[in-house]
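*Asks:* First, the structure itself, so that you have it in front of you.
The values are calculated or read from the model by the stated rules, or taken from the named source; none is laboratory data. Because the structure is predicted, anything quoted here is derived from the model rather than measured. Glycine gets a Cβ as well: all are built from the backbone with ideal geometry, and neighbour counts include every protein chain shown. Surface accessibility is based on the protein's heavy atoms, side chains included, excluding ligands, DNA and RNA. Shrake-Rupley method; radii C 1.70, N 1.55, O 1.52, S 1.80 Å.
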Amino acid sequence: MLLAIDCGNTNTVFSIWDGKTFLCTLRTSTHHARTADAYFTWFSTLIQHYNIELDIQDVIISSTVPRVVFNLRVFADRFFGCRPLVVGKPECKLPVSPRVDRATQPGPDRLANAVGAFDRHGGNVIVVDFGTATNFDVVAEDGAYVGGVIAPGVNLSLEALSSGAAALPHVDISQPEKVIGTNTIGCIQSGVFWGYTGLIEGIINRVKAEYGKPMKVIGTGGLAPLFEKGDHLFDMIEDDLTMHGLTVINDYNKES
């Protein structure tokens, strides 16, 4: 079994892969001070709930928060007796090296997205990943990550709006019934939903025009299904794209 861990700025996701399917996916908030013992207590409690017989032989980590990697390494070593692969470190090889500016290190989650997208759909792909930031990852014809776009995440923008404007409440993002809001909450929901729909569509169109070849667009992350309801933004939505990319990277390193 493989334990794939994707640590983002807001949440950390643990998925157990048995070589054919993900047996379960667990999610916790990201906290740099969480110890290896605390990870194991939380993890083992949920595993008992799912009644899974663990036989973890490999661990791979993608983390955009460097400070948590040490405790995740200790977690893997102490409780599963293995040294984890960490995406972005020199010892973790990629099927195709990224082609970006010299001395630039793309985010590990973006590299995993590129690998996962290429494995499932081939090259010439845009991955739109909804997280703390909204990332647009461009995957070339040969599977290389070649750059992209980073925009503020939807929830981050909502938090900034409510904290920066005393009279405006925090609202949950949803598709409003009308574009023209007739109350404060409706106005905010419309501005965020249709504003981000326009942002996503506009960036996709500009990337396609600059790239100069037909491209598939894949949505991933928690809010992808919501924004697909507004306009047809994506050719497909894949919830497990990052995790799939981690399984491919792990297999590639075991074979090479």
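Residue-wise test of (1) open to solvent by less than 60 Å² (accessible area, probe 1.4 Å); (2) hydrophobic (A, V, I, L, M, F, W, C); (3) modelled with pLDDT of 95 or more.
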position	(1), (2), (3)
Val217	yes, yes, yes
Gly221	yes, no, no
Phe227	yes, yes, no
Leu233	yes, yes, no
Asp239	no, no, no
Met243	yes, yes, yes
Val248	yes, yes, yes
Tyr252	no, no, yes
Glu255	no, no, no
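*Asks:* Can you find, within the stretch 112-161, the residue that is surrounded by the fewest Cβ atoms within 10 Å (Cβ to Cβ) among those that are of a type in the set (S, T, N, Q) and at pLDDT 90 or above?
*Replies:* Selected residue: Asn124.
*Asks:* Picking from Ile200, Ile180, Ile188, Ile204, which residue would you name as being without any contact (Cβ under 8 Å) to a residue 24 or more places away in the chain and more than 18 Å from Thr10 (Cβ to Cβ)? Spell out how you get there, then give the answer.
*Replies:* On the way: Ile200 fails: without any contact (Cβ under 8 Å) to a residue 24 or more places away in the chain; Ile188 fails: without any contact (Cβ under 8 Å) to a residue 24 or more places away in the chain; Ile204 fails: without any contact (Cβ under 8 Å) to a residue 24 or more places away in the chain.
It is Ile180.
*Asks:* I've got another one for you. Tell me, which residue of the stretch 162-184 that is polar (S, T, N, Q), open to solvent by 40 Å² or more (accessible area, probe 1.4 Å) and part of a helix (DSSP H, G or I) is farthest from Gly131 (Cα to Cα)?
*Replies:* That would be Thr184.
*Asks:* All but one of (1) surrounded by fewer than 17 Cβ atoms within 10 Å (Cβ to Cβ); (2) under 28 Å from Pro106 (Cβ atoms); (3) not polar (S, T, N, Q) hold for Cys7; which doesn't?
*Replies:* (1) is the only condition that Cys7 fails.
*Asks:* Related question: Please find, among Pro106, Pro90, Pro98, the residue that is closer than 20 Å to Lys208 by Cα and not hydrophobic (A, V, I, L, M, F, W, C). Steps first, answer last, please.
*Replies:* Details: Pro106 fails: closer than 20 Å to Lys208 by Cα; Pro90 fails: closer than 20 Å to Lys208 by Cα.
Going through Pro106, Pro90, Pro98 in turn, the sole match is Pro98.
*Asks:* Is there a residue being open to solvent by 50 Å² or more (accessible area, probe 1.4 Å), under 22 Å from Asn250 (Cα atoms) and hydroxyl-bearing (Ser, Thr, Tyr) anywhere in the stretch 92-107?
*Replies:* The answer is yes; a qualifying residue exists.
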